Amino acid sequence: MQFASTAKPAIAILYDSDFGRDIDSVLALALVHGFASKRQARVSALTINYPCLEAAELCDIVEGFYRKTVTGPGAMYMSAPAIGVADAHGKAAAVPPLVKSLLAKQGQDGKPQWQSNVRHWNDTAVPANLIRNDLAGQNDENAVLVTTGAATNLSQLLALHDTAPLIAAKVKMLVIADNGFGADAAAAKRVLAEWPTPIVLCDRKSAEGLSFPGQCIDKDFSYVPVHPIAEAYRAYKTMPYDAPALALAAMLYAVRPGDGYFATKSGTVSLGSDGHASFSESAGGKHTYLAAVPAKHDEIVEKFVAMVSAEPVVIRRFRRQQQKEEPSKEAPPAKSS
Amino acid sequence: MITRKALDRRTFLRGAGAAVALPFLDSMVPAMATAATKVEKPVRMAFVYVPNGIDMRNWNPDYEGKLETLPRILKPLEKFKDDFNLLGNLTHNAGRALLDGAGDHGRCCASYLSGVQPRKTMVDIKASQSFDQIVANKVGEKTRFKSLEVGMEDSRQAGDCDSGYSCAYTNNLAWRSETQPLPPILNPRALFDRLFGADAALSPEARKRRALYRRSILDLVSSDAKRLALDLGPTDQRKLDEYLSSVREIELQIERAEKDNSRIDPGMEKPYGIPADFAEHFRLMTSMMTVAFQADLTRVTTFLVTHEGTSRAYREIGIPDGHHPLTHHRNQLPLMEKVAQINTYHVQQFAGWLEKLKSIQEGDSNLLDNSMIVYGAGLSDGNRHLHEDLPTLIAGRAGGKFQTGRRIVYRRETPMCNLFVTMMDRMGVPVEHFGDSNGALEGLDLT
């Protein structure tokens, strides 16, 4: 008979993204689900940093695709996780074509292909509250926040009362995939100045030479008749094409930082005049810059394909909740800079 | 020229060691009072807490905006639907496990008004001062009692009541400090004595004499009442009569309940003075809370109807099963039906209290209008132990500040503490934040 392990659970990934604005942001979510199916990560909180209800609908559909694989007596104790979306303040963002296309997709019976739990704004969560509440339930230094898109939600997280100590305790690092991080300049500056744990920057140069191969879409996702990730890929651009992999690279580092896929440099990240984050190298700098190791490119792309297309594993869930980690007798590992 | 002085708001009827506070009378308003100098009627605040969550299928309507057809559990409130707001998606993150494992019942009750996750322990308990006590410390300076803590079941303060959580967590709502919960008064007689028996001021002789002759407390103050009546106008005389009659009615209810108890075999040991009948007990406790509000004895009360995790059976409505086991129904419809019946029964009792509050005139409004009465639970779905979308309704207009009669659904993960921050403000105790609040609740105020 096997007993449930009391070891520290897999790393929690909190993903704050511009989900659906490009295919990279969608693939990155599939990537972390691939790692989750191998119990190497947990998808813990999902927030969207532009005010688009439809993007949340699609995000919930993708989540639903993976959630359906949970069975067992404990499955009924799992409620649909909330999706956080940046507040529209009366002016919602335009719905990206990818999102529009997938939500309009019909099944053979003429009904919508997928049903989302998200239909109204109050079906979504306030992003800062969602992230804060999620972090409160994590073991110390066992969460990584990955962001692609504007820094709005993260800035609002920092504005919550007494949240900085919580972030400092729980978040191992913030990994920024710089794809519009500076679109909300004030928010980006605040995050760079006040974020209390290591910041890792992954920009276009970091991911140069990396892409997600479109040729795998038709063969590697065919384990279900209609796969939301494959459909999203087809909807984003006319096939065939290879997708950019900036968010994928950032997510891969977030889950597997020690696998040697990336070289790192210390320095300082700041917000450039063009709205992009820029990095200046300096010994002892408190930020980190990533660069994919050229010799590992093929291996990285293989990993992307394997994890993004990984078939969800049926997880038999018993009603066991996370426990506090037993204090280790060994000295804690030093924080990465 | 009008020279008559207004009656002091703090006037008591006194006699033989007993003291009875008076309700709000027109004579307490200065004759030539302008709008600015008019005596402002106090706003009262109460929490009515029911345990083990609610059958949310029958609590949440499928619409927002003006309250129309009420779901089954709320049907007893049909005639009050212009008097309350039904709030959706309020969350208490502090009630969740957050690495502390099982014990949702202990956590949800202890965190409900304190806004913090309690320490998982049976010995060195720790939560935080609850927000009602922050308010009580401020507005309680103006009343005889800072607050009243009332309950109907089990006030054990020690032992393990939920997976390692002390019974102090499941059996108390109000916390005076982070280590000091305020146990509720369960016995109507004790509550009556506290409110009207002048407590320590009542001499042993007076107490003995009352017991000996079974005299009404009103008899003791009758000569003072007669003297006061001479100075009152006809409206105030009627109000005074009604008020004293309601005090006497409560006395008689308690006496009747105590007599009935001697004839009922509940099949368990039962403290003397507590009615065997649930509805009667509920009515007695809320009647006394009404009088306490009416006479401005206190402005803050908490009412723990039954304690978290209770396995009380409801034989009075044909349900011999324990409440808590029923809520773990695993989606079996017959069990869910019984939970809905219990939930509805509780709301029926609550409706009786609202009726009473609404019937008491205060100037051009009524006691309910001048109150904020929250009815709710620390869990939504008791089967899954969910701490989001907590069932919450708030009755009363906070002294004319709230717009009522609406279903308001907030975004998910909106802190329950935002409601508390709003209520503190309406009680005249503004704070920047409480617990995990991130602002006040929008949509309650008159626009």
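The values are calculated or read from the model by the stated rules, or taken from the named source; none is laboratory data. Please read all numbers here as calculations on a predicted model, not as lab measurements. Cβ: placed from backbone, ideal geometry, glycine included. Neighbour counts: every protein chain shown.
Data table
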| quantity | calculated |
| --- | --- |
| Matching residues, segment B:408-447, being touching a Lys or Arg at 6+ places or on another chain (Cβ under 8 Å) and within 14 Å of chain A (Cβ to nearest Cβ) | B:ASP436, B:GLY443 |
| Residues of segment B:43-90 that turn out to be surrounded by 24 or more Cβ atoms within 10 Å (Cβ to Cβ), assigned to a strand (DSSP E or B) and of a type in the set (Gly, Ala, Ser), as a count | 1 |
| Which listed residue is over 21 Å from B:LEU386 (Cα atoms), surrounded by fewer than 24 Cβ atoms within 10 Å (Cβ to Cβ), within 14 Å of another protein chain (Cβ to nearest Cβ) and not β-branched (Val, Ile, Thr), from A:ALA159, A:ALA136 | A:ALA159 |
| One residue from B:ARG119, B:ARG156, B:ARG107, B:ARG144 being within 14 Å of another protein chain (Cβ to nearest Cβ), basic (Lys, Arg) and either in contact with a Ser or Thr (Cβ under 9 Å, 6 or more places away or on another chain) or part of a loop (DSSP other than H, G, I, E, B) (or both) | B:ARG119 |
| Selection from segment A:123-141 of residues that are farther than 20 Å from B:GLN117 by Cα and in contact with an Asp or Glu (Cβ under 8 Å, 6 or more places away or on another chain) | A:ALA125, A:VAL126, A:PRO127 |
| Hits in segment B:1-24 (condition: modelled with pLDDT of 70 or more and in contact with a Ser or Thr (Cβ under 6 Å, 6 or more places away or on another chain)) | B:LEU7, B:LEU22 |
| Members of segment A:81-103 that are within 12 Å of A:GLU54 (Cβ to Cβ) and touching a strand residue (DSSP E or B) at 6+ places or on another chain (Cβ under 7 Å) | A:ILE83, A:VAL85 |
| Scan of segment B:365-382 for residues that are touching a helix residue (DSSP H, G or I) at 6+ places or on another chain (Cβ under 6 Å) and either within 14 Å of chain A (Cβ to nearest Cβ) or assigned to a loop (DSSP other than H, G, I, E, B) (or both), ordered by number | B:LEU367, B:LEU368, B:GLY378, B:LEU379, B:SER380, B:ASP381, B:GLY382 |
| Residue count, segment B:383-407 (criterion: in contact with a Gly (Cβ under 8 Å, 6 or more places away or on another chain), of a type in the set (A, V, I, L, M, F, W, C) and more than 14 Å from chain A (Cβ to nearest Cβ)) | 2 |
| Residue among B:ASP436, B:ASP364 that is out of contact with any Ser or Thr (no Cβ under 8 Å at 6 or more places or on another chain), at pLDDT below 95 and assigned by TED's automatic domain parsing to the domain that holds B:GLY115 | B:ASP364 |
| Checklist (1) more than 14 Å from every other protein chain (Cβ to nearest Cβ); (2) over 18 Å from A:ALA245 (Cα atoms); (3) out of contact with any Pro (no Cβ under 9 Å at 6 or more places or on another chain) applied to A:LEU201, failing item | (2) |
